[in-house]
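Structure first, then comments.
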Amino acid sequence: MTNAAPTWSFLGPLGTFCEMALRQVAPVNVILDACQDVPTALDRVRERTAEAAVVPIENSVEGGVNATLDNLVASAPLVIAAEMAVPITFVLAGRPGTRLEDVVGISTHPHAWAQCRGWVHLNLPEAIYVAGTSTSAPARALAQSDAELEYQAVLCNPLAAQQYGLEIIAGGVADNPDAVTRFVKVTRPGLVSEPTGSDKTTLMVQLPHDRAGALLDMLSQFSARGVNLSRIESRPVGDSLGRYRFSIDIEGHIREDRVQAAMIGLHRTCPMVRYLGSYPRLDARPVIVPAGTSDKDFTVARAWVADVLAGRTL
């Protein structure tokens, strides 16, 4: 008897950069559950109708994807199990026969718009922007609807344009040809994996309210243990002005003593610390551990304290 094929949810529809990221890590026989937005894709995992979800978390031009960062801490816990990167290529596409001068409205995901607005301003300065839930959803709607829409063209990847039978009006429309989006595989919490020596750990940390030096105190928990931060972004808590959480990527794995020591320090001093997973870095670059902060250094130090307590060492 064979096991049933796993279901993975993702930011759909088909033809998105998110699907391209999913294909990098998903089993060959995976069942795809294309969702209309990031919260729905993540909730499928919480509801156990999907084994994993793949969603965008960071763009090299626009920074963090707020829908993902906020939802990861909005409900039942989820953890990141892997990260993937997809180079971003955009085209302007429309129904067959659409010319550049016919375009008065353009639709795409807000992050895609941000990456192409310079080109649009130069070539279509009067065009209005219509927000889409993904880069592919407006392409599908434009191809499948016979009605007049608010937009005549979409910014999407060439795969989506081909998949939905749209005609490319202009290619290479991204302002930064080297743009990359980082995606993550998200699962329900389970036994933490073993470190590889090339790992990343993601946390969400909320600062104490109205305490001078709170941010410095939080950062010192990492610096004192030789833990390097590769990303830190503020997100509003949402209940009042001036209250923030920080989404943080650190270099290292939760099974390392120095990372555990930093997290213990955060837990003692911050009102909320959410662990969001330790996973291999996509670039496989080994993490540099500063002198005095390796697991061996912590083991030796703990043994020395034990000797002091036992009266064996002065």
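For region 206-215, state whether one or more residues are at pLDDT 90 or above and in contact with a helix residue (DSSP H, G or I) (Cβ under 7 Å, 6 or more places away or on another chain).
Keep residues of region 206-215 that are at pLDDT 90 or above, which gives 206.
Restricting the remaining residues to those that are in contact with a helix residue (DSSP H, G or I) (Cβ under 7 Å, 6 or more places away or on another chain) gives none.
Checked region 206-215: no residue is at pLDDT 90 or above and in contact with a helix residue (DSSP H, G or I) (Cβ under 7 Å, 6 or more places away or on another chain).
Identify the residue in region 151-190 that is among the charged types (D, E, K, R) and surrounded by 18 or more Cβ atoms within 10 Å (Cβ to Cβ) and, among all such residues, is nearest to the chain's Cα centre (by Cα).
First, pick out the residues of region 151-190 that are among the charged types (D, E, K, R): 167, 175, 178, 182, 185, 188.
Then keep just the ones that are surrounded by 18 or more Cβ atoms within 10 Å (Cβ to Cβ); that gives 182, 185.
Values: 182: 6, 185: 9 Å.
In this case the residue turns out to be 182.
Whether any residue in region 45-61 is farther than 24 Å from residue 26 by Cα and out of contact with any Gly (no Cβ under 7 Å at 6 or more places or on another chain) is what I want to check. Please lay out each step first, then the result.
Step one: of region 45-61, the residues farther than 24 Å from residue 26 by Cα are 61.
Right, trim to out of contact with any Gly (no Cβ under 7 Å at 6 or more places or on another chain) and you get 61.
Scanning region 45-61, I find at least one residue that is farther than 24 Å from residue 26 by Cα and out of contact with any Gly (no Cβ under 7 Å at 6 or more places or on another chain), so the answer is yes.
Restricting attention to region 211-231, and to residues there that are of a type in the set (D, E, K, R) and either touching a Phe, Trp or Tyr at 6+ places or on another chain (Cβ under 9 Å) or in contact (Cβ under 8 Å) with a residue 60 or more places away in the chain (or both), which single residue is nearest to residue 278 (Cα to Cα)? Outline the logic, then answer.
Within region 211-231, the first condition is being of a type in the set (D, E, K, R), and the residues that meet it are 211, 217, 225, 231.
Checking the rest, the ones that are also either touching a Phe, Trp or Tyr at 6+ places or on another chain (Cβ under 9 Å) or in contact (Cβ under 8 Å) with a residue 60 or more places away in the chain (or both) come to 225, 231.
Numbers: 225: 17, 231: 14 Å.
Top of the filtered list is 231.
Taking the residues in region 104-132 that are farther than 15 Å from residue 61 by Cβ and surrounded by 22 or more Cβ atoms within 10 Å (Cβ to Cβ) as candidates, determine which candidate is farthest from the chain's Cα centre (by Cα). Don't jump to the end; show me each part of the working.
Taking region 104-132 first, the residues farther than 15 Å from residue 61 by Cβ are 104-107, 121-132.
If we keep only those that are surrounded by 22 or more Cβ atoms within 10 Å (Cβ to Cβ) too, we end up with 106-107, 132.
Details: 106: 25, 107: 22, 132: 18 Å.
Going through the qualifying residues, I end up with 106.
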Region 133-142: number of residues that are over 16 Å from residue 176 (Cβ atoms) and open to solvent by 10 Å² or more (accessible area, probe 1.4 Å) | 4
What single numbered condition from (1) farther than 30 Å from residue 288 by Cβ; (2) part of a loop (DSSP other than H, G, I, E, B); (3) in contact (Cβ under 8 Å) with a residue 40 or more places away in the chain; (4) not basic (Lys, Arg) fails to hold for residue 195?
-> (1)
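Go over the candidates 240, 198 one by one and state the one that is at pLDDT 95 or above and farther than 30 Å from residue 49 by Cβ.
Numbers: 240 fails: at pLDDT 95 or above.
From the options 240, 198, the qualifying one is 198.
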If you take the residues of region 264-295 that are without any contact (Cβ under 8 Å) to a residue 24 or more places away in the chain and surrounded by 11 or more Cβ atoms within 10 Å (Cβ to Cβ), which of them is nearest to residue 253 (Cα to Cα)?
-> 264
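The values are calculated or read from the model by the stated rules, or taken from the named source; none is laboratory data. Just so it is clear, the structure is predicted and the values come from calculations on it, not from any experiment. No Cβ is skipped: glycine too gets one built from the backbone with ideal geometry, and neighbour counts run over all protein chains shown. The accessibility values were calculated without ligands, DNA or RNA, using every heavy atom of the protein model including side chains. Shrake-Rupley method; radii C 1.70, N 1.55, O 1.52, S 1.80 Å.
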